[in-house]
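Undergrad: First the structure, which I've put down as structure tokens, then a few questions once you've had a look.
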Amino acid sequence: MIFTLNAEPRNTKKKSDLTALRAKGKIPCVLYGAGVKAVKLSINDNEFMRCYKKSFTELAFYEVNLEGEKYQTILQDKQIHPVNRNFLHMDFMVLDKDSVREFDIPIQYVGEPTALKEGGFMDIIQRSITVICKPADIPEGLKLDVSNLQIGETLHIGNLPKGAWHYKDGDDVAMVGMHAKAAEEVAVEEEGEEDEATEASAEEETPSKE
């Protein structure tokens, strides 16, 4: 998934300059990598968030347009306000098409296990995975089918799709598991169902006041 972002150079030197920039609806950023001298820039907050919200299910690439030049980048790092969750700063790294590096790829879990209807609950252990490859070999999306996952079973990295990339962690690292609900949870659910049935029965037996 490739997004285009328009950037402007910035010349902020003090903390108050950054605060003023954010007040105008812009995010301070730095662009660097692949033979590019580090450049300070800013990107429109709303423009970036429209792209960012679409990138949760796969790795996003950003084409940053700055003063007539286009840079193929990924979002390498970000700082987020702990309370309002606004983006405070971002690092965009220009990609070298021939370099091999690590990329974090979101995992899409697909299918609905029948075990969920049999009293199981699914424990997702990892929502993303690190792959090592060249930019051109990055998988467009990684899906893991959990339809046949039974209680007591676990799917591992070895169950993920194979390709021109390789995974940083070993094949035996767990991704998702299916567990039986604890006896206490089952008892609480059954008790709740009994209470609802009793209330319904009482309502039916209560004579009308009309």
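The values are calculated or read from the model by the stated rules, or taken from the named source; none is laboratory data. What you see is a predicted model; the values in this text were computed from it and never measured. Heads up, the Cβs are rebuilt from the backbone with ideal geometry, glycines too, and the neighbour counts pull from every protein chain shown.
Undergrad: Would you pick out the residues in region 49-63 that are in contact with a Phe, Trp or Tyr (Cβ under 7 Å, 6 or more places away or on another chain) and either at pLDDT 95 or above or not in a strand (DSSP E or B) (or both)?
TA: Scanning region 49-63 gives 51, 59, 60.
Undergrad: Same structure, new question: Would it be correct to say that residue 143 is touching a residue at least 12 places away in the same chain (Cβ under 8 Å), not hydrophobic (A, V, I, L, M, F, W, C) and not in a loop (DSSP other than H, G, I, E, B)?
TA: Judged against the criteria, residue 143 is a match.
Undergrad: Here's another thing I want to ask about it. Inspect region 113-121 for any residue being in contact with a Pro (Cβ under 8 Å, 6 or more places away or on another chain) and not small (Gly, Ala, Ser) and give the result as yes or no. I'd like the intermediate steps shown before the answer.
TA: Restricting attention to region 113-121, the residues satisfying the condition of being in contact with a Pro (Cβ under 8 Å, 6 or more places away or on another chain) are 120.
Retained after the next criterion (residues that are not small (Gly, Ala, Ser)): none.
Scanning region 113-121 turns up no residue that is in contact with a Pro (Cβ under 8 Å, 6 or more places away or on another chain) and not small (Gly, Ala, Ser).
Undergrad: Still on this model: Could you pull out the residue among 162, 117 that is among the basic types (Lys, Arg) and either in contact with a Ser or Thr (Cβ under 9 Å, 6 or more places away or on another chain) or in a loop (DSSP other than H, G, I, E, B) (or both)? It would help to see each step written out before you state the result.
TA: Working: 117 fails: either in contact with a Ser or Thr (Cβ under 9 Å, 6 or more places away or on another chain) or in a loop (DSSP other than H, G, I, E, B) (or both).
None of the others qualify; the one that does is 162.
Undergrad: Considering only residues of region 60-100 that are charged (D, E, K, R), surrounded by 13 or more Cβ atoms within 10 Å (Cβ to Cβ) and closer than 21 Å to residue 132 by Cβ, which is farthest from the chain's Cα centre (by Cα)? Even if it seems obvious, please write down each step before you answer.
TA: Start the filter on region 60-100 by keeping residues that are charged (D, E, K, R), which leaves 63, 67, 69-70, 77-78, 85, 91, 96-98.
Next, only the ones that are surrounded by 13 or more Cβ atoms within 10 Å (Cβ to Cβ) stay: 63, 78, 91, 96.
Right, trim to closer than 21 Å to residue 132 by Cβ and you get 91, 96.
Details: 91: 18, 96: 24 Å.
For region 60-100, the residue satisfying everything is 96.
Undergrad: Looking only at region 101-119, which residues are more than 16 Å from the chain's Cα centre (by Cα) and among the hydroxyl-bearing types (Ser, Thr, Tyr)?
TA: Answer for region 101-119, where residues must be more than 16 Å from the chain's Cα centre (by Cα) and among the hydroxyl-bearing types (Ser, Thr, Tyr): just 114.
Undergrad: Also, I was wondering about something else. I want to confirm something. Restricting to region 126-150 and keeping residues that are among the aliphatic types (A, V, I, L, M) and in contact with a Pro (Cβ under 9 Å, 6 or more places away or on another chain), which single residue is farthest from residue 166 (Cα to Cα)? It would help to see each step written out before you state the result.
TA: Our first condition is that a residue be among the aliphatic types (A, V, I, L, M); within region 126-150, this holds for 129, 131-132, 136, 138, 142, 144, 146, 149.
Okay, now just the ones that are also in contact with a Pro (Cβ under 9 Å, 6 or more places away or on another chain), so 129, 131, 142, 144, 146, 149.
Working: 129: 11, 131: 6, 142: 12, 144: 16, 146: 22, 149: 24 Å.
Ranking the qualifying residues of region 126-150, first place goes to 149.
Undergrad: Hey, any hits in region 19-38 for a residue that's hydroxyl-bearing (Ser, Thr, Tyr) and in contact with a Lys or Arg (Cβ under 9 Å, 6 or more places away or on another chain)?
TA: Here is the first cut: in region 19-38, the residues hydroxyl-bearing (Ser, Thr, Tyr) are 19, 32.
Applying the additional criterion that residues be in contact with a Lys or Arg (Cβ under 9 Å, 6 or more places away or on another chain) yields none.
No, because not a single residue in region 19-38 is hydroxyl-bearing (Ser, Thr, Tyr) and in contact with a Lys or Arg (Cβ under 9 Å, 6 or more places away or on another chain).
Undergrad: Does residue 173 satisfy being outside the structural domain of residue 10 (by TED's automatic domain parsing), among the hydrophobic types (A, V, I, L, M, F, W, C) and surrounded by fewer than 13 Cβ atoms within 10 Å (Cβ to Cβ)? Write out each step before concluding.
TA: Numbers: outside the structural domain of residue 10 (by TED's automatic domain parsing): yes; among the hydrophobic types (A, V, I, L, M, F, W, C): yes; surrounded by fewer than 13 Cβ atoms within 10 Å (Cβ to Cβ): no.
Here the answer is no, as residue 173 does not meet what is asked.
Undergrad: Is there a residue in region 120-129 that is more than 21 Å from the chain's Cα centre (by Cα), in the same structural domain as residue 178 (by TED's automatic domain parsing), within 21 Å of residue 159 (Cβ to Cβ) and of a type outside the set (Lys, Arg)? Let's see the steps before the verdict.
TA: Let us first name the residues in region 120-129 that are more than 21 Å from the chain's Cα centre (by Cα), namely 120-121.
Add one more test, that the residue is in the same structural domain as residue 178 (by TED's automatic domain parsing), and what stays is 120-121.
So of that shortlist, the ones also within 21 Å of residue 159 (Cβ to Cβ) come out as 120-121.
Applying the additional criterion that residues be of a type outside the set (Lys, Arg) yields 120-121.
The answer is yes; a qualifying residue exists.
Undergrad: A further question on this structure: Can you confirm whether region 133-155 contains a residue that is touching a helix residue (DSSP H, G or I) at 6+ places or on another chain (Cβ under 9 Å) and either among the charged types (D, E, K, R) or not assigned by TED's automatic domain parsing to the domain that holds residue 181 (or both)?
TA: There is at least one residue in region 133-155 that is touching a helix residue (DSSP H, G or I) at 6+ places or on another chain (Cβ under 9 Å) and either among the charged types (D, E, K, R) or not assigned by TED's automatic domain parsing to the domain that holds residue 181 (or both).
Undergrad: Consider region 40-57. How many of its residues are of a type outside the set (Ser, Thr, Tyr) and surrounded by fewer than 17 Cβ atoms within 10 Å (Cβ to Cβ)?
TA: At the first step, the residues of region 40-57 found to be of a type outside the set (Ser, Thr, Tyr) are 40-41, 43-51, 53-54, 56.
Going one step further and asking which of them are surrounded by fewer than 17 Cβ atoms within 10 Å (Cβ to Cβ), we end up with 40, 44-46, 49-50, 53-54, 56.
The qualifying residues number 9.
Undergrad: Which of the residues belonging to region 30-59 are in contact (Cβ under 8 Å) with a residue 40 or more places away in the chain and either among the aromatic types (Phe, Trp, Tyr) or touching a His at 6+ places or on another chain (Cβ under 7 Å) (or both)?
TA: 32, 48, 56 - these are the residues of region 30-59 that are in contact (Cβ under 8 Å) with a residue 40 or more places away in the chain and either among the aromatic types (Phe, Trp, Tyr) or touching a His at 6+ places or on another chain (Cβ under 7 Å) (or both).
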